Amino acid sequence: MKRLGLILLLLLSCNASLWASREGEDDVTETMYGKALNSYLLARCGDAEAQYQLASCYHSGYGVEENDSLAFVWAKKSAEQDYPAGLYFLAYCYETGKGCSANMGNANFLYKKAYEKAMSLANGGDPSAQFVVGKIFDYGNGGVEQNQEVAVRWYRRAAEQGYPGAQFNMGNCCQLGEGVAMNKEEAVYWYRQASLQGDADSQYMLGLCYASGEGVTKNARKAIEWFKESSRQGHRLAQDILVRIGETW
């Protein structure tokens, strides 16, 4: 509810030209849908979280055509506001050369900055920051020693507050037994929590769980339903499955 209120407030405060084409741009809102469109509208108003989310959409191709260059642009805008997830994403871009020239010096600098900013907020209970701290320990970024058990503790704290990315990662950790005892039922629980919030990756994974019967009673109908939910957001693997079995979304 708080997020909805912020969306309405920011949209009302933005200049009406938000909806119009800008110099050197097409009206990209016509080619966006779902989370990507909502994130774009807020991102243009300067919302750092939305800028990070939009970067993620461009990176994954969810709700918008995949574009690493634009993912980098929006991650940079988020990072410039010291938003931890934006800093982390920009560091990832520099590490992998996604949308920019690879530069490990820049990547490590940004990973360290992301860790510092995130840790101060995470200890205060901020779920998005807890998620970033979890990822840094999960992958050992920026000189932080990799520790998946510590990562899971941070993921869990964020997941219990309803943060979808952390819920998805908790599902992965429980499913694979990374940093926590393998528990397929708990994996399904976390995938479901994130799926109900519209997380496309979790919807895809939940579909796989229902299709295989891992952690839940096998149910082809429910598997297809979740694959369709994921596909509607542009998840290509879910779309491929539906095409192979002759289903549409």
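If you project the alpha carbons of the stretch 175-249 onto their three principal axes, what span does each projection cover, largest first, in Å?
Between the extreme Cα coordinates on each principal axis of the stretch 175-249 lie 37, 22, 18 Å.
Do the sum for the chain: with -39,500 (n - 2.57) for every DSSP H run of n ≥ 4, divided by all residues, what is the mean residue ellipticity at 222 nm, to the nearest 500 deg cm²/dmol?
-20500 deg cm²/dmol
Counting residues in the stretch 31-161 as N, plug N into 2.2 N^0.38 Å and put the Cα Rg over that result.
With N residues counted in the stretch 31-161, Rg over 2.2 N^0.38 Å equals 1.01.
Please compute the Cα-Cα pair-distance distribution of the chain with 10 Å bins starting at 0, giving whole percents from short to long.
Pairs per bin, as whole percents: 8, 28, 36, 23, 5, 0.
The numbers here are math on the coordinates, done by the rules we state, and not lab data. Bear in mind that the values here come from a model prediction, so they are computed numbers and not experimental data.
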